[in-house]
Structure formats: structure tokens, C-alpha cells
Amino acid sequence: MEDINLTLENVASIVQHALLHQPITDMHTHLYPPTFGTPVPNRTGHTDTSGLMLWGIDQTLTYHYLVAEVFRVVPATQLPFEAFWKMTVTQQADHIWKTLFVQRTPISEACRGVLTLLERLGLDPNEKTLDSYRRFFSQQNPDDYINRVMELSGVNSITMTNPVFDDNERQRWLGMANRGPDARFKAVLRIDPILRDYPTAARRLHEWGYAVEPQPSAQSMAEVRRFLGEWLDRQQAIYIAISLPPEWTYPLGPGTTDAAALAGQTMLEQAVLPVCRQRKLPLAMMIGSRLRVQPQLRDAGDMVGRADVSAVVNLCLRHPENKFLITMLARENQHELCVAARKFGNLMIFGCWWFLNNPSLIEEITRMRLELLGTSFIPQHSDARVLDQLLYKWPHSRACIQRALTDKYRDLLHTGLRLTQSQVQRDVRLLLADNFKDFLAR
């Protein structure tokens, strides 16, 4: 088939076509297959109230994005936090729908996302109650519904996040010894307590039969390495991940006396990084979340903070044989992080995470990365915790990436450079799939 040359007139449609037809590798989510249980009633008659596969209208509406927003409209002085948390999920969803979608214009990105996913599923977003939506979801088979959502969103591979120190998650992995993996999902070993709260991690590891001592020692580090290796094998994990606060720094100053911080750095250098090197796995670090600044909001009470990019620079410089997947939460960090990525081939920046997952910021950050890094980055990941969020996060992000790429190709055309449709398809494949795959395989 003849390769089409780009022109100023056709470039937008060619970029749009390439983005719509490129299967997406969603390299960081919090999604799960049905084998991890689902709390949503469905036509199979099975409901697991502690299930980890979240989906459906009630789970979508009660996700923390909208919980925080609804308390701005109906503050705790009118509906106390305790009263809201005593509600059932159904009652919470009804309250949020009535308050943010019926009584007000649902103009925020979180609200718009709900409307987009309803439209993608062929549902009327103008309903005044949730009854018809609940009927629709109650008729779905979770396994089949995953396939439908992946097809509609353009995602062909979902990367999970699997916190091994979470008892619910851990027990499910231990109970799946005789089940094969779900080919649609790839696992990631999440190990926050080992670096952020080693004393607690040490107690848990000791309970699980590892000869770990309360303070880092040669024996403790060997046992942590054994623990990591066993769980990487059990999960068939494709990288190791940790979330870090904005205050995290590396290396610690010579006068540091914080025992937990010192233990975390020791475990990073003597246990986590050696295992990653041995197995050629990246360490993914999500930096900048300050947890529960408003504890009464629970998961909706987290905050963003500006982090220290020099910590990432030092990490890449001192450990050149390790690979690092890095995303930062604060907008103020994005330019410095992007410049740092120009200096280190072992650093891959990814996504517009959490509070950055808004179209104005996604487009701004994508344009900056294209200008500084070309196509050598991962522009987005969904970070979805509710399956249905794939139905809006990816279409909304694709539109932002499309506008940024279209303008950059037009800039090149103005120089007299000849460009073709196959080149656009190659670039889009790199951005949405191959940069991540190649970094894993490097």
C-alpha cells in the first residue's frame, strides 16, 4: 500500500488515525482481573465484598476524585464526614450524582470523565438517577466486560500494581497457586514499606518466615533479596514499584539521624537495586504524594508536593546499571525532570499522574517533552483504579497527544522536511507501546 505524504491539510487526520488504531500498553494501573474478586453484583450471582476488581457506576462515582469534589459543594458542616462514611456505596454514589451531576454542571475533568464513559458504553448521560446504569452493570459478566472496555479504550495490555504488604492482596496471590495468569494483565511488585517504613516491613517479613532483623544487617538484606526474588517469581512481575513523598532525597546527608530513612536507603542500595540489576528489571518511582493531609477524607485527602529532582539525578548517576521509571506528581517538577532525562539513558519518564491528569496539563507537559526528548518518553498511563476509568482517561489523553503531535509535525513540514504516514505510525507506536517494552527489554 502506498505510503501517504503528510501535508499541512492532512496531518491532523493522519495523526488522529494513527492514535486511534495503535494498541496501547497501559504501563501503570491499579486494575485487577476477576480472579482477584469483584465487589459488584453481576449476572453470575457472585459478589466478593473484598474484591479488588473495581468496576461499575457506584465504584466510579465513589472514587476519591469525586469524594473530594462533593465535599466542596456539600461541606462537612452540612454532611459530616462520619455520616458520609457510614453510608453504603450506593447511597454515596446517589449523593455524588445528585450533587455534582444533577444540581450542578459536571464541568470538572473527573465529572466529565464519568459522562464520557457512559457515552462510550451507549448510555444516556442525562439520567436524573442511577437506576438504569445499575441495571446495565448488573447484567455484565466481569470477564467479558474487561474485554469490552479494553476494546473501546484501545488498551491491549494492562499493567497492575500489586502491593505485597497488603493482606487482602497477598492472600489472593497465595491462593492462586494452581491458577494460570490472565494474559491481559501484567503484575508489578509494589514494596513501599521496605523503603518507607522498614521496621514495620521487618516485622511482617519475620512473621512470614524470613529471618529479618529489626535493623538492616547482612542477614536482613539477604533475606529481603530472597523475599523479593520469590515474589517476583510468584507474580511474574515486570518491574518493581514504590511511591515516595516529596521530601524523599538521595543520598541522605552525612548528618542524617532518622533511623527509618537510613534503613530505607540501605535497603534500596543493598537489596532492591541489586535484585533489579540481577533481573534486569526497572525500579518505578512515583514521587510527590503527601498522604492524608485531610485524614477525614481518607483516600481523597492526599496532597501534592514539589520534590527534589536532584535525588533522581543522583540515583541514575550512582547506579548506571539500573533502570528507573520515574513520574513526579507536581507540575513544578516536570521541566527539571525532563531535562534530567536528557542526561541519563537509564531514566525513562512516564505519564501525567493523578493531579496532573487534566487535559490542560497533559497537553502542556506532552508538548514540552516532545520538544526536549523527541519521542523517547512514555506520554501517559491511566493510573486507573476502577476499570471504567479506561473509557475516559485514554480518549481524553489521546486528544491531548494528538494536538501536540499535530503541531510538531506541522512545524517540521514548514522546514521543508518530507514526512509520511508510516513515520507517524512509527512515532505513535513508540509513544503508546514500544518505548515501555523496549525499556523493559534493554
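Please treat every number below as a calculation from the coordinates, not as lab data. Quantities reported herein were computed from a predicted structural model and do not represent experimental measurements. Cβ sites come from the backbone with ideal geometry, for glycine too, and all protein chains shown count toward neighbours.
Annotations for the structure displayed:
- In this entry, the chain is assigned a mean projected area of 23.7 nm², taken as a quarter of its C-alpha convex hull surface.
- Sites residue 249 and residue 418 - FRET efficiency at Förster radius 56 Å, r taken between beta-carbons, to 0.05: 0.75
- At full extension, residue 104 and residue 355 could sit 88.2 nm farther apart than now, given 0.36 nm per residue minus the alpha carbon distance.
- Length gained on full extension, residue 230 to residue 85: 48.4 nm, using 0.36 nm per residue less the C-alpha separation.
- Here the Gaussian network model covers the chain, with springs between Cα atoms less than 10 Å apart; of 184, 398, 418, 418 fluctuates the most.
- Size of charge dipole - the range 245-388 - debye, nearest 20, with Cβ of Lys, Arg +1 and Asp, Glu -1, no other charges: 360
- Residues whose amide H comes within less than 5 Å of that of residue 244, counting only those at least five positions distant or on another chain, are 286, 287, 288, 289 (H built at 1.01 Å from N in the peptide plane).
- Which of 77, 29 has the fewest Cβ neighbours within 10 Å, and the rest in rising order: 77, 29
- For the range 204-214, 3J(HN,Hα) computed residue by residue from phi via the Karplus equation (6.51, -1.76, 1.60; θ = phi - 60°) reads 5, 4, 5, 4, 8, x, 9, 7, 9, 9, x Hz, glycine and proline entered as x.
- Shape analysis of the range 1-140 places it in the prolate category; the axes a ≥ b ≥ c from the Cα gyration tensor give an a/c of at least 1.5, with a/b above b/c.
- Prolate/oblate/rounded call for the range 66-108, Cα gyration tensor, a/c under 1.5 rounded: oblate
- Proximal charge balance of residue 156 [Cβ under 15 Å; K/R count +1, D/E count -1]: +2
- For residue 351, residues with placed amide H under 5 Å, excluding near neighbours: 378, 380, 381
- Comparing 267, 160, 27 in a Gaussian network model of the chain, where Cα atoms under 10 Å apart are tied by springs, the biggest mean-square fluctuation is seen for 267.
- Paramagnetic label zone (point 7 Å from Cα along Cα-to-C-beta, residue 20; backbone N under 20 Å) in the range 375-402: 390-402
- Segment residue 291..residue 147, full-extension length gain: 48.5 nm, with 0.36 nm per residue of separation and the alpha-carbon distance subtracted.
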